[in-house]
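The values are calculated or read from the model by the stated rules, or taken from the named source; none is laboratory data. Because the structure is predicted, anything quoted here is derived from the model rather than measured. Using ideal geometry, Cβ is built from the backbone for each residue, glycine included, and neighbour counts are taken over all protein chains shown.
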């Protein structure tokens, strides 16, 4: 237990001091709700401008339902990008910044360090989703949607669930960054993953593709596509995440790592 908490404290300390984490946190926690509120305001303005027309096409429903639907759709993309970027940095930085040799001086197994990285990163991602939803509710009140009712809170819970699912889906990127011995290969894998998701969705298989299902559930493919996504298709994110965590931990445990 002592070694486990020591690894957690070490990774949490590095995590708190990282500018990368701070920038991603600020962009998602503040930028996403503000952008969603701006789009909702443009959609309800009734103006003929190009922005208003595009904003109305994104909004499914009215009032809080439409606004939080936009928040959820944005979460399905931005959380995967933001958390994926941080996961790649967290696991790839030891190679890129040449700090890997210092890990050998610690009385901790390398697999334990990898699992601590996951614990800290996923805990941060969960807390970030909570903050995003809170700020989104405040922004919704600010643009005149009134006090959230039960239906609004239900939609907020749905959007929050999408954020958590997308955060979990970033886990396999740790394996890519580790095997590529740097965060750039991981980021390349993230970009490839987004491209593949678009292609699978375009060919009609998005509901069974874990990286596309949360966005479709929130309405990225329209109301009809949202209703076709089942709970089973959504929970596929959990085995995908578990694979990423276990496979990365085993790789860190058994891989021949360069001490230089």
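Summary of computed values
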quantity	calculated
Test result for residue 147, at pLDDT 95 or above and within 22 Å of residue 66 (Cβ to Cβ)	no
Test for residue 239: is it under 19 Å from the mean Cα position of the chain (by Cα), over 21 Å from residue 96 (Cα atoms) and exposed (fewer than 13 other Cβ atoms within 10 Å of the Cβ)	yes
Given (1) at pLDDT 80 or above; (2) more than 23 Å from residue 154 (Cβ to Cβ), number of the condition residue 73 does not satisfy	(2)
Cβ-Cβ under 6 Å pairs, at least 6 apart or on other chains, the range 210-223 side touching a residue at least 60 places away in the same chain (Cβ under 8 Å), far side surrounded by 24 or more Cβ atoms within 10 Å (Cβ to Cβ) and part of a loop (DSSP other than H, G, I, E, B)	211/169
Qualifying residue in the range 190-197 (condition: farther than 23 Å from residue 70 by Cβ and in a loop (DSSP other than H, G, I, E, B))	no
Selection count where residues are modelled with pLDDT of 90 or more and not in a helix (DSSP H, G or I), scope the range 202-222	4
Helices (runs of 4 or more DSSP H) (entirely within the range 56-175) containing at least 2 residues that are within 18 Å of residue 11 (Cα to Cα)	63-96, 100-103, 110-142
Meets criteria (touching a residue at least 60 places away in the same chain (Cβ under 8 Å), buried (at least 21 other Cβ atoms within 10 Å of the Cβ) and over 18 Å from residue 242 (Cα atoms)) for residue 151	no
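For (1) touching a strand residue (DSSP E or B) at 6+ places or on another chain (Cβ under 6 Å); (2) crowded, with 18+ Cβ neighbours inside 10 Å; (3) closer than 30 Å to residue 17 by Cα; (4) modelled with pLDDT of 90 or more, each residue gets a yes or a no:
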| position | (1), (2), (3), (4) |
| --- | --- |
| 38 | no, no, no, no |
| 45 | no, no, no, no |
| 55 | no, yes, no, no |
| 60 | no, no, no, no |
| 135 | no, yes, yes, yes |
